1. Taking Asp119, is it within 30 Å of Leu287 (Cα to Cα), within 16 Å of ligand 1 (Cβ to nearest atom) and among the acidic types (Asp, Glu)?
2. With respect to the numbered conditions (1) under 19 Å from the mean Cα position of the chain (by Cα); (2) surrounded by fewer than 24 Cβ atoms within 10 Å (Cβ to Cβ); (3) modelled with pLDDT of 95 or more, which one is the sole condition not fulfilled by His627?
3. Can you list the helices (runs of 4 or more DSSP H) lying wholly within the stretch 372-454 that have 3 or more residues being touching a residue at least 24 places away in the same chain (Cβ under 8 Å) and within 25 Å of Gln158 (Cβ to Cβ)?
4. Under the condition of being out of contact with any Leu (no Cβ under 8 Å at 6 or more places or on another chain) and either of a type in the set (Phe, Trp, Tyr) or not in a loop (DSSP other than H, G, I, E, B) (or both), which residue from the stretch 484-507 is nearest to ligand 2 (Cβ to nearest atom)?
5. Kindly list the number of the only condition in (1) closer than 25 Å to Trp513 by Cα; (2) more than 16 Å from ligand 1 (Cβ to nearest atom); (3) not small (Gly, Ala, Ser) that fails for Gln490.
6. Does any residue of the stretch 167-185 turn out to be open to solvent by less than 10 Å² (accessible area, probe 1.4 Å), out of contact with any Asp or Glu (no Cβ under 9 Å at 6 or more places or on another chain) and assigned to a strand (DSSP E or B)?
7. Kindly list the number of the only condition in (1) farther than 30 Å from Gly617 by Cβ; (2) touching a helix residue (DSSP H, G or I) at 6+ places or on another chain (Cβ under 9 Å) that fails for Met281.
8. Would you point out the residue of the stretch 532-580, among those that are of a type in the set (Val, Ile, Thr) and surrounded by fewer than 23 Cβ atoms within 10 Å (Cβ to Cβ), that is nearest to Ser124 (Cα to Cα)?
Amino acid sequence: MSALTDLIYAGSNAVAGLTEGAVNDAIAKYGEETKVAYPDTAYFLPTIYAATGVKVAKLGDLTACVGVLKSLISGKEDLGEALNAGLATAVGAEILEALKYVNGAEPYANESGIGFVPDPVIRSLGVPLVTGDIPGVAVVLGKADSAADVAAVVKDYQSKGILTFLIGDCIEQAVEQGVKMGLEMRVVPLGHEVTSVIYAVQVAVRAALIFGSLQPGDLAGLLKYTKERVPAFVNTFGALNEVVVSAGAGAIALGFPVVVDVDLGENQVPGALESVTDHTMTVKRSLELRNIKIKVKELPIPVAFAAAFEGEIVRKADMQVEFYSGVNPTCELVTMREPGEIEDHKITVDGPDIDSGDKEYALATYIEVAGARMQKDFESVIERKIHAWFNYMEGVMHTGQRNQFRIRISKEAYEKGLRMKDFGEVLYVMIMDEFDAVVDKCQITLVTDREKAQKILETEAMPAYNARDDRLASMTDESVNEFYTCILCQSFAPAHCCVVTPERLGLCGAVSWLDAKATYELNPQGPSQPIPKEGLIDERTGRYEKVNEMVAEATHGAVENVTLYSILEDPMTSCGCFECICGIEPSSNGFIVVNREFKGMTPAGMTFGELASMTGGGVQTPGFMGHGRHFISSKKFASAEGGIERIVWMPKELKDDVAARLNKTAKELYGIDNFTDLIADETICEDPDGLMAFLQEKNHPVLKMEPLM
Ligand code: SF4
Ligand code: ZN
């Protein structure tokens, strides 16, 4: 037998033995009926569920799983068979780790790793993965001979936006070398034991279930999905033992190449298992193996610039200076000019720079653009990107928008030499990079002079914001001539297509009608295509021949009939990354709406995750539908079923967030004041009886509406 297959089988057998022993011990200790589950998932033990369809719920269910696991280890001298044994190791790891969670234990509460990655986190990764903001996923495992080497690799991934999971002592090594961690920083420590590699595998597996509408039990389909659609790979550091090798075999079976830093000689499998002993080449080779291309932005600024820094927080103690609307006049404005009126790449700082000694400054970020194809409507599309771009600078935090924002610059960034003109450079380079199809010239003025900033705020910014708001408010589905498709999410959910209208944004919450329109103008062959508003079939449900036709085309025939305004009749499909899901609450004949962040129970008897697992992957599920937060206050929300008057329950945070807009819509449509007072939340009830009592007490309008079914 080859040394490689030998090692794989030895590792798989070791894990199988451990798993069997641990399951028997756990059953002896807790009993067969004791529950076993990972927290905050609707997919049981995800790998076992996806591969076999078995829904493990209690310890007694695991005995059969151990049998399946053992059957995967044939011991035959064949690489394919040996890779199956690698899958057995994954199943073993999944069981061993699940046992840590028996009886609701929190095994990772005091660990440097986070352990199991909950479903909502995976859903939140959908959009960044499809837009290429996260171009790939690295799994880094082991202990490097030199901490500096592993940290350099991780930082390199971070600067490229790659999401990196860490397993083993490399976690401490990275911490020691100052790697910033957390999901927002795209570097996520999972755990110390090699079995915690399963938490990375489960992310890939659930991507197939959430976005790919994979049927549980379809192992071949699962392996195809992970291989083709999950751009992951593995890097190991340090000596390999048999368990690491067999786990690596599991990764290869899923289609994830493994790069090790020891010399495997003739045991290498080109394209799947390769040795790269020079750590400065690890990243390059790993990306090549997965064919991940990184768009590098060469920016002439003294700090790093990468999407990975978007979520970085600058605390007061680490802060050099701040621009804050609560203290000083601030605004951000993109405005369209005639080409002759501005000078391209002119960057001006008007007022003191941040080294003048003050801690607080005013700031008007004043951007003038011109271009033959530029439209007034694109001003706000460009303007909204300022938030992301400023955040991409390492050591800069930006929250808010328009005239309400806070920007902090860290001492570290300041000491590296970051100054106001660098902000101008960032804006210029990014606008010319992303909006080059419509912007030919761009001039940037950063006004830190208090009086001048105040003047821009009052005389230009506020009137511009107000005019835009008026335009947005007047923009209805009736007032435009076309809607847009968005198929960005097809890289994960091949049968999904959003139809974006002025009154219904994409379900991810990130694509408004204006965004889709701009996307089309910027890239006419791109993911958003105009749908001429033609062939009205039914006004109530929002059924159009042309919409059906375009959706059928966009989904390659998977979806042929779709309505814009109904949850019950041919509702729009969901990819999986929706901000909220609404669903029928049968006892009240109403709809509940739940946001991704809410972890508790709903009166429908399901959590967000359980509700969400009923839809996704581009499948239509009448009665349930994913949508964006903003859609809740739309006049078109479930308008075929009676509209927002059907909403009976929402988590409190969501209700508070949408209250102002939702109440305004309710007043306009039905003359109801403070409609959100009639909507229950988790502080009022979590069950149907409590809900009905509340609705009756409040005399909620749903009680007088026709039954839904
Ligand atoms: Fe995905 Fe729809 Fe958002 Fe487009 S609009 S990115 S398809 S969820
Ligand atoms: Zn999506």
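The values are calculated or read from the model by the stated rules, or taken from the named source; none is laboratory data. Everything numeric in this text was worked out from a predicted model, so none of it was measured. Positions of Cβ are generated from backbone atoms using ideal geometry, with glycine treated the same way; all protein chains shown enter the neighbour counts. Keep in mind that these areas ignore ligands, DNA and RNA; they rest on the heavy atoms of the full protein, side chains included. Shrake-Rupley method; radii C 1.70, N 1.55, O 1.52, S 1.80 Å.
1. no
2. Among (1) under 19 Å from the mean Cα position of the chain (by Cα); (2) surrounded by fewer than 24 Cβ atoms within 10 Å (Cβ to Cβ); (3) modelled with pLDDT of 95 or more, His627 violates only (2).
3. Hits in the stretch 372-454: 385-392, 411-415, 420-434.
4. Cys489
5. (2)
6. Within the stretch 167-185, none of the residues are open to solvent by less than 10 Å² (accessible area, probe 1.4 Å), out of contact with any Asp or Glu (no Cβ under 9 Å at 6 or more places or on another chain) and assigned to a strand (DSSP E or B).
7. (2)
8. The residue in question is Thr555.
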